[in-house]
Structure formats: structure tokens, C-alpha cells
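Quick notes on the structure that follows.
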Amino acid sequence: MKRFSLLWLAGSSLLWAGVALAAIRPHYGGTLRLTMRQTPQALDPISLVQADASNLARLIYDTLIVLDHRGQPEPSLAVGWQAESGNQRWRISLRNGVSFSDGTKMDANTVAASLRAANPDWRVLAGTDTVIVQTAEPHPYLLAELALPRNSIVHGGLQPSGTGPFSLAQWTPGKHLSLSATEQYWKGRPFLDSIELDFGMGDREQSASFDLGRTDVAEIAPENIRRARAEGRAVVTSSPSELLALVFSAAPQSDEEAHLRNALALSLDIPAINNVVLQGGGEPTGALLPNWLSGYGFVFPFQASSERARQECALAKQRAPLLLAYDASDPVAHTIAERILLNARDAGVTLQLTTHGPAGVTLARIPLASMDPQTSLTELTRTLKIPTPAFTGNSAPEIYSTERELLRSRRMIPLIHLRTAIMLGPNVRQVALFPDGSLYLNDAWLEVQKP
Amino acid sequence: MSWDDHSHQLEPVDAGYNSRILQMLPSSRARWLCCAFLLLSQLAFGADWRRPAAQLAEKISALTGPGVIALEITNRSSIASADVEQIRHLVVSELAASGVRVWQPDQAAATAEVTLSENLQSYVWVAQIQQGSAAEPSLAMVSFDRPAFSVGGQNSPLMVLRATTLMSQTEPILDAVVLDGSPRRALLLSGTGVSIFDFQDGRWVLAQTLPIVHGAPFPRDLRGRILLGKDHLFDVYLPGLACRSSEAGSLTLACSPSDDPWPLVTADFGLSGFYTPARNFFTGVLAPGIGKQKSGPPFYSAAPILKGNYILWVLSGTDSQVHLLDGINQQTASKLRWGSNLAGIRAACRSDWLVLATSQEEPEDSVQAFEFPDREPLAASQRLALNGPVQALWSQQNGESVTAVYANSETGNYEALQLTLACGQ
């Protein structure tokens, strides 16, 4: 299953109440060991986002803005902001006394250069202690976009440095990363001395490593959450957030093609896929945004109707099989793709599975980009390379209208919002998974085990 | 509750409804508290559902026109069930005012399925209206801001250990001191400054804020103390920083880098401990020391037990153990499962000091008073449950109260409490 990169905005970079300290005060010291499926090849924020490893960006870099637990912007490297000219021009005041890990002082010029590199469409001007961001169109949710990991503030070229809580100690692309605590981190030195990350490890490998005590935090695939809990492991899950969807390569070119897509959507027994293949690791959906983020997701239908599917199929007049691509490295993708193939066949739609080459439709996972619904929808369209929607406002009805139009474009069929899950070693404290699935390690610490 | 008119009438969408999505359920206690908080906060905020109910009813009646409809209401939000019934009544009466009567489904020309939903910031109410044989329902939606809930501290009439809420705020509170007088004043210490409140008309009113300026970054788990002075109003101890208020005239605060030890209980006890400037614990080096013991293990907090001719010090070590120092010997109370925060407290009816200790439970926490007849603690009060982990526990000047700060896991606010031990209950 291809993991759409772009987004994964772990974003939110929330510093919220869920990260409150426990009854035992945090201990300083120690090394936290993590394993991950991803294989990032570069550590700049954009590469990390594209490698679906945005969580790493938050360890090394900071953004100007973070979003709180309600998705509201809060200062980070910025200390204040002011919108001018109808939200088309934003003046952002910068925090003083912050340095990059290479020793360079953060100033308006470095911030402006960083934002320009990540957003070629923006005009970014450097003042004394401010930067001014100008956009071609009014951008009322610019602050949420500034909280995206790809807008992390960096300094330098191929191996950029950041202002984050950890700095690079050792790096083997795609395999291993060692991070050391930044002693003079502007928000206070992390409790951990270091973090060791091993990449490219499948679920079984991670589980074995965890059982052998070689890792403290391991990922759990959604289909394994139930079993991990039954085995008594300390499992932490996010809200349903990552979208599993069928994504078409282009908009329908004819009415017949539109009918074919309708037929496919109506043929799918999504609850069965979730309950059987994914072992309840997600929630069936007909929406792009999870309901906890939008408040209206339940109005979009997802229930199968074989009769209507057959009617649509008859109108489609399908002449050639539709190629369905999936990620061969994803252990459940093949099973899900086969289920879809069988459901479609029952409605008269012919699919053919492939793991490589161009395909008419792809089974994809799309991480939730932000705790801000507008930003999430916008990033989704960027991922799919379809026109960015224009929002008329930020209320639920207005965002609903935009999402409905996106769904009506028939570029994708939402299937399931998946939970992100991790298991924690017995002495790991304050590792948080936020509702959007982003992993927060900045407050993590390791408890000293009593003799 | 702020209100924005976000109501929109929407075009029809495809028919079909998702099954109810079960979000992660909090513990029963948390649910109970949540409901109680919601109820209380709704009362506090006036629970005025009239405007959104009127807006929704207006949208429904615009779609159905005058006549008879069936109405179903499903709650998938945090709104309390009692409020749901109230909302239903409001919607029905608003519909009636528009000429739409609510009746049984078999006698209705249309069915309105209203779902009370929510997102991170707003309540979202959706009406899906099925009329006649139309294949697709019409949709009406209103959204409006959810209130930011605020709750008081824990208090129980049966408690011997009493809690009085002093302050609640989103910024972490490090310590708080109450000055009796007229008016009563409270000093609240945070990482950014000292806020001075006057007690007026039954509530604390912010009178002045004195910013704390520091060069080096503070540690992540920031701790700090505020202690009343003798010839000036107060001193502030922060990691690597000491601040002193002005002695006369308008109140100012001067801070400078400092490695001076912090008084462990109050200045009267004459024992201080050196605090690590970039961490969250005392190094263990004591000034001037406990008898012959000039140092102990690194520790988070300490409490004294007066023992006639000596003081037994109880230390919460960074090794998660409780250590006892009597001036000669050091013992480890390995069986105790206490948290990192301890503080000494006195009850008016007793001459000795007791120890207030936190638990090691997560994510909730509790505080309990213990006495030390010998070297084993005995519970001297009930456990005072707090809805979140304790962040700070500091004895106040006279030892007759302790300031507790906890992070309320329901609201995300930091709550400062004044804890006292009441006798004879």
C-alpha cells in the first residue's frame, strides 16, 4: 500500500494537557530506543515528510507555530502574529535567543529563507525581529500551515540544522539515527540524553526486538492492536486518523467512468474489511476527515448496496479491467486488495491487482496532516495533486461543503480511518500519541526501576 | 459560550448513515467527572442552547415547510443527556413556532434525524431530513463554539485533609502563597513571572504581574518556590536564578543568576538544599546539613518530622525510593510507593509535623497525610484524590498549609490548591 507522503504533519506539534507530568517527577538521563517501519533517506523536513517520518522532524526542528489540543495555534519560534490585508499578509514576530544546533543564531533572515524554500509560492520578507508572509490569495489558516513539519525552520543545506530538542549524533540513511539532547534547548533540555532509532523494521521484527528488550517503543500495525492488548502489552493508540482509501489516478473522463467508480464504491463491504482483515484497527468511513476532527463525518455514507452497485455497473459499460495497485511491503495490503477485488466482482466490476507500474486506482494510506481540518483537506489535495479548495470560512458547515465537493469529484473512495498504535516498555514515561497519530517524544523519560 | 452564526443550509447528499462511532472511552470516574463538569459548566455558562436550537429549527422548517414531521435526536457529543432532552424540547417548540409539528413517524410527512456531534472546537448539529420518497435526504447543519470548561478543586465534606482552590490557569503554576490581610492577597509563581491577586467580592482579581527575566533556558520540568520575606515581601527560587521583591515603594522584582540553596521547608527550619540549575531535583548537598550529615541522596522533595530532640527528614529520592535521614543514619523505606512530591504539614490540634505524600498512580493522583511514630509511616488522613498528576507540593510559611498544584487532566488547566489538615472530623 503506497504511503502518501507529503502530509504527515505530525504537525500539530501539540503541547497539550495530555503531556502533563506524572505523579513521579521525570528522571533525566538514559537512551530511548525506537523502531520504525519507515526508511528515511534524508533528514531535512521535506524529505522526512515525504518518507512518512514527520515525527522525526519534531525531534530535530521547531516550527514557528504549534497547534494545541483543540487545533488552535500557539507560539513556538514565533511569539506573536498579526494578519493584515484580509489574511493575505501575515506579520510574525520571532523569539529571541534561539540558536540552531550548528551554533547559528536564529534570525529573521534564516527564518525567511527556510520558509521560502518550503513554500516557493509565498513571498517571505525578513524584518528585524519579524518575518512577513504574503500569499497570492487570502490565507486565513496560514498559522496552521506554519505548524506543519514541512515548515520547520532549518539552517544550512543538505544536512540542515534545527532548533529542536535533539541534535544529530549519528546518521545512516534508511537504517539508523542517533540523536543527542540539546543542552541549551530554548524550551528546556529534554529529559532523555539520547534517542536511538532503527528504521526499516517490519511489524514482526519490531515485536521480536521489543520482546527481547532491545527496543523501548515499537510500532503496532492496526490489525495487530487487538492481539497486542490481549497479550497484555502496554499499547497506546491514537484516534482513528490515517485514511485508507482508493485513490484514482485522474478525474473521471466520462460518465461511464464515473458510474464505474460509483459501482466500485457501492460494492465495498468496508465494515467486513475493518473487522476481519484489520481486526477492528480502524473505523469505516465515507468521509475524508475523521469525525472527531470535522464533527460531520457521519453524514457521508459508506454502506454497501449491491443492487445499486450493479445498476451503476450496468451504466458503466466497463470494457477493460481496472488496475488496482497496492504496496507489496504492507503485510495486509494484499489481503485488503483481494477483498476489494471480490466485492467489486460481485457487483460486476472487474479489477486486476498489481504491485508496480501505473494503475487506474491505488490502495493508499494518507496520514492526517493536521489537527486543523482546513489544513488537512488542503494537504490532502496537494497529495492527490488536485486543485486546492477555496474555503469560504472555517465553520463546520463551510468545511463540510468543501469536503463534499472533493468527494463528488470521485477522485477517491474513503474506506477506513486507521488508528496509529505503539507499545511501550515498562520504564517508558510520557511518550504520547496525539489524536492525529503523531508521536510526541519531547517530554519522554525513562523511569528508574526500583530494586 | 461564544456564538458565531455558522448555520448553513446545505444541498442534499447521498443517503445512508454511518453506524455510531465509539471513541475511546475514559474511565468511569473520568466519565462521571466529565459529566459533572459539563453539567456544572453548563449551569455556569447558562446552558443556553436556545439560539443553536432555534437556528437548527429554522433550517429544518425551511426544508420541510409547515406540516407534521417526525424528529429523532442522537447524541454523539459530550453534551449531557439531561441537556439533550432540553435541546429536544427547544427544537420542538421552535419548530412549532414555524408551523412544524412533531409527531409519530407513521403520521409524519418527513423525518428529521438530528445528530448532536462535535469536533475539537465546536458543537456540530446536523439534521438529515427525509421527505416522502426522495432518494436522498436534505441536510441542515449548525456549528458553534464549545465552551472552555473550568472546574474547581476537589473537596469533600468528609475529608480531614481539606483542599481549597486558589487559582486555575492554563500556564503551569509553580507555587502559590496566600497572605492574610485586608484585602487577602495571593502570589502566584509561574515560569514567566509572579502574579499578585487581591481577593475582592469573593474572587481573586489580578492586581499586578512582575515578569521574571532570565538568560539561560529553564529546565523542561520547571520547579520553583516563592517564600515570604521578613524585610521584604517575598523571594523566588528558580533553577539557577534567585529573585527578590523590592522592600518599599512600588513593588518590583529583581532576578539574578544564583546557585544559592533553596529552603527545604520554610526559612525557619534553617535547612536548605542545593538545586540543580538544569534539572528538576536537589543535588543532595545540604546547608548547613542534618546533624552530622552534610549530604544525602539526590532528591525531589523533603519533609521534616519533629522527634523531640532531633528532626527526622523524609526525602523523596530521584531513585524512586523514600530515604530517612536523622542526622546520623540514612535509611531507605523501600516498601513505600510514594510519588516524587512530599511536604511537611501541621494540624492545629497537634504539635508535631506530618508528611503529605503523593501516590505513584497515573494518570490520576492523590495526596495523603502520614505520621511517623517511629520509622514506619501511618496514614493520618484519608486519600485526597486529584483529577490529574501533582506538579508541586510546597509547605507554606507556618506549616499549617501546603500549596499543591496539579494538572487537571479534564481541563488541561493547572490548579493551585491550599491543603490544610482539619482535626476532629
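Nothing in this text is a laboratory measurement; each read-out follows from the coordinates by a stated rule. Just so it is clear, the structure is predicted and the values come from calculations on it, not from any experiment. Ideal geometry is used to build each Cβ from the backbone, glycine not excepted, and the neighbour counts take in all protein chains shown.
Rounded to the nearest 10 degrees, what's the angle between the helix A:108-118 long axis and the longest principal axis of chain A, both from Cα atoms, 0 to 90?
20
In the range B:273-390, if every C-alpha pair distance is counted and binned at 5 Å from zero, what percent goes to each bin?
Bins of 5 Å from zero give 2, 11, 21, 24, 20, 13, 6, 1, 0 percent of pairs.
Where the convex hull is taken over the Cα atoms of the range B:208-350, what is its projected area averaged over directions, in nm²?
Averaged projected hull area, Cα only: 10.4 nm².
Treat the count of other C-beta atoms within 10 Å as a stand-in for reagent exposure and order A:THR335, A:THR420, A:THR237 from fewest to most.
A:THR335, A:THR237, A:THR420
Based on the Cα coordinates of the range A:47-150, what is the per residue volume of their convex hull in Å³?
Numbers: hull volume 11.3 nm³, N = 104.
So the per-residue hull volume is 109 Å³.
Within a 10 angstrom radius of the beta carbon, how do A:SER305, B:SER77 rank from fewest other beta carbons to most?
A:SER305, B:SER77
Would you please state the base-10 log of I(q)/I(0) at q = 0.12 1/Å for the range A:387-451, with intensities from the Debye formula using one equal scatterer on every alpha carbon?
-0.58
Could you list the square roots of 5 times each eigenvalue of the Cα gyration tensor of the range B:189-286, that is, the equivalent ellipsoid semi-axes, sorted largest first and rounded to whole Å?
24, 16, 13
Regarding chain A, what are the three Cα extents along the principal axes, ordered largest first, in Å?
Computed over chain A, the largest-to-smallest principal extents equal 67, 61, 38 Å.
Determine which lysines satisfy two conditions relative to B:LYS294: a Cα distance under 29 Å, and not lying fewer than 8 residues away in the same chain.
Result set, ordered by chain and number: A:LYS450, B:LYS230, B:LYS307, B:LYS335.
Can you give the calculated 222 nm mean residue ellipticity of chain A, where each DSSP H run of n ≥ 4 adds -39,500 (n - 2.57) and the sum is split over every residue, rounded to the nearest 500 deg cm²/dmol? Please list the in-between numbers first.
Numbers: 12 runs with 112 residues, N = 451.
The per-residue figure over chain A is -7000 deg cm²/dmol.
For A:VAL276 and A:LEU315, calculate 0.36 nm times their separation in residues minus their Cα-Cα distance, and state this gained length in nm to one decimal.
Length difference between fully extended and current span is 10.9 nm.
When only C-alpha pairs under 8 Å and at least 6 residues apart count, what is the relative contact order of the range A:206-307, in percent?
Values: 82 pairs, mean separation 28.5, N = 102.
It rounds to 28 percent for the range A:206-307.
Stick to Cα atoms and the Kirkwood definition of Rh, then tell me Rg/Rh for the range B:84-240.
Radius of gyration over Kirkwood radius for the range B:84-240 works out to 1.26.
What three numbers, in Å, describe the spread of the alpha carbons of the range A:124-211 along their principal axes, ordered from the longest?
So the three principal-axis extents are 51, 30, 25 Å.
Have a look at the DSSP beta bridges in the range A:242-418 and tell me what percent are antiparallel, nearest 5.
Among the beta bridges of the range A:242-418, antiparallel pairing accounts for roughly 70 percent.
So how tilted is helix A:373-384 from the main axis of chain A? Cα-based, degrees 0 to 90, rounded to 10.
70
What are the radius of gyration and Dmax of the range B:161-421, computed over its Cα atoms and given in Å?
My reading of the Cα-based Rg and Dmax gives 17.5, 52 Å.
Ratio to report: Rg/Rh of the range A:164-266, with Cα atoms as the point set and Rh obtained by the Kirkwood method; give two decimals.
Ratio value, two decimals: 1.17.
Kindly state, to the nearest 0.05, the FRET efficiency for B:THR165 paired with A:ALA251, given R0 = 45 Å and r defined as their beta-carbon distance.
0.20
If you split all Cα-Cα distances of the protein assembly as shown into 20 Å bins from zero, what percentages do you get per bin, shortest first?
Computed distribution, short to long bins: 14, 42, 34, 10, 1.
Quick one: work out Rg over Rh on the C-alpha atoms of the range B:93-146, Rh as Kirkwood radius.
Working: Rg = 13.2 Å, Rh = 12.6 Å.
When Rh is taken as the Kirkwood radius, the ratio is 1.04.
Just to confirm my numbers, what's the Cα centroid distance between the range A:59-133 and the range B:225-251 in Å?
With the range A:59-133 and the range B:225-251 each reduced to a Cα centre, they are spaced 36 Å.
To the nearest 10 degrees, how steep is helix A:306-316 against the longest Cα principal axis of chain A, on a 0 to 90 scale?
Rounded to the nearest ten degrees, it is 80.
Projected area of the range A:242-418, taken from the Cα convex hull and averaged over every viewing direction, in nm²? Mind dumping the intermediate values first?
Working: hull surface 38.1 nm².
The orientation-averaged projected area of the Cα hull of the range A:242-418 comes to 9.5 nm².
Please report the net charge: other residues with Cβ closer than 15 Å to the Cβ of A:GLY188, K and R +1, D and E -1. Numbers along the way, then the final one.
Details: positive: A:ARG25, A:ARG95, A:LYS187, A:ARG189, B:ARG220, B:ARG223, B:ARG279; negative: A:ASP62, A:GLU183, A:ASP193, A:ASP443, B:GLU171, B:ASP221.
In short, +1.
Please express the shape of the range A:169-220 as an equivalent ellipsoid: the semi-axes are the square roots of 5 times the eigenvalues of the C-alpha gyration tensor, given largest first in whole angstrom.
Each semi-axis is √(5λ); the values are 25, 13, 8 Å.
Take the range A:212-283, compute every pairwise Cα distance, and split them into 5 Å bins from 0; I just need the percent in each bin.
Final binned percentages: 3, 12, 18, 18, 13, 11, 9, 7, 5, 3, 1, 0.
Which value results when the Cα radius of gyration for the range A:357-410 is divided by 2.2 N^0.38 Å?
1.21
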